[in-house]
1. Would you kindly identify the helices (runs of 4 or more DSSP H) lying entirely within the range 37-152 that contain at least 1 residues that are touching a Phe, Trp or Tyr at 6+ places or on another chain (Cβ under 9 Å)?
2. Quick check on the range 81-110: of everything there that is open to solvent by less than 50 Å² (accessible area, probe 1.4 Å) and touching an Asp or Glu at 6+ places or on another chain (Cβ under 8 Å), which residue is nearest to Y63 (Cα to Cα)?
3. Anything in the range 131-152 that is open to solvent by 70 Å² or more (accessible area, probe 1.4 Å) and closer than 18 Å to F11 by Cα? List them, or say none.
4. Which of the residues belonging to the range 27-43 are of a type outside the set (F, W, Y), more than 20 Å from R70 (Cβ to Cβ) and open to solvent by less than 70 Å² (accessible area, probe 1.4 Å)?
5. Which condition number does A24 fail, the rest of (1) open to solvent by 50 Å² or more (accessible area, probe 1.4 Å); (2) in a helix (DSSP H, G or I); (3) over 30 Å from A145 (Cβ atoms) being met?
6. Could you list, in sequence order, the residues of the range 5-21 that are touching a residue at least 40 places away in the same chain (Cβ under 8 Å) and either among the charged types (D, E, K, R) or open to solvent by 50 Å² or more (accessible area, probe 1.4 Å) (or both)?
Amino acid sequence: MTRIVPITPDFAVAGALTPQEMEAIAAAGFRTVINNRPDGEEFGQATAEACGEAARRFGLLYYHLPAAGRDELMSEALVKATLAAIAASPGPILAHCRSGYRSTVIWAAAAAQAGACSVAEVAARAAAAGVDVAPFAGELERLAALASQSQG
């Protein structure tokens, strides 16, 4: 099975998943899968539809929230959709993309936007997963400021 990297107790990331792995993912205790890969990213890649069908067959909730490039990782629409998926879903949640990098950055943006933890903690959790979010620090700070304005 693809290597799974925990970010929080209820959220983990992985590289590309296949429909054949969904049974093992469910057996590992995950209850939701978020697919951050656009269809057609690689030759021979399983479609989101095929992965979603397999995930649902094993009782998993499934979301396809693709991000193709760096600019899309922090897009307002993707962050909002990710927050909505996390809020509506039982955990633990497993998000995946080709390597886990995009899924980690998207989680960081959602966590900053939600005010779930400080930007420093977001960066530390991402670093523990092997992802440096420093290139996104300004955007993460902006999202965290929005969270504190809405909570204040």
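1. Fully inside the range 37-152 and qualifying: 48-57, 70-73, 76-88, 101-114, 119-128.
2. Of everything passing the filter in the range 81-110, I93 is nearest to Y63 (Cα to Cα).
3. Scanning the range 131-152 gives a single hit, D132.
4. Hits for the range 27-43 are A28, G29, T32, V33.
5. Just one mismatch for A24, condition (1).
6. P6, P9, D10
The values are calculated or read from the model by the stated rules, or taken from the named source; none is laboratory data. Values in this document were obtained by computation on a predicted structure and should not be read as measured data. Here the Cβ is made from the backbone with ideal geometry for all residues, glycine too, and neighbour counts use every protein chain on show. Surface accessibility is based on the protein's heavy atoms, side chains included, excluding ligands, DNA and RNA. Shrake-Rupley method; radii C 1.70, N 1.55, O 1.52, S 1.80 Å.
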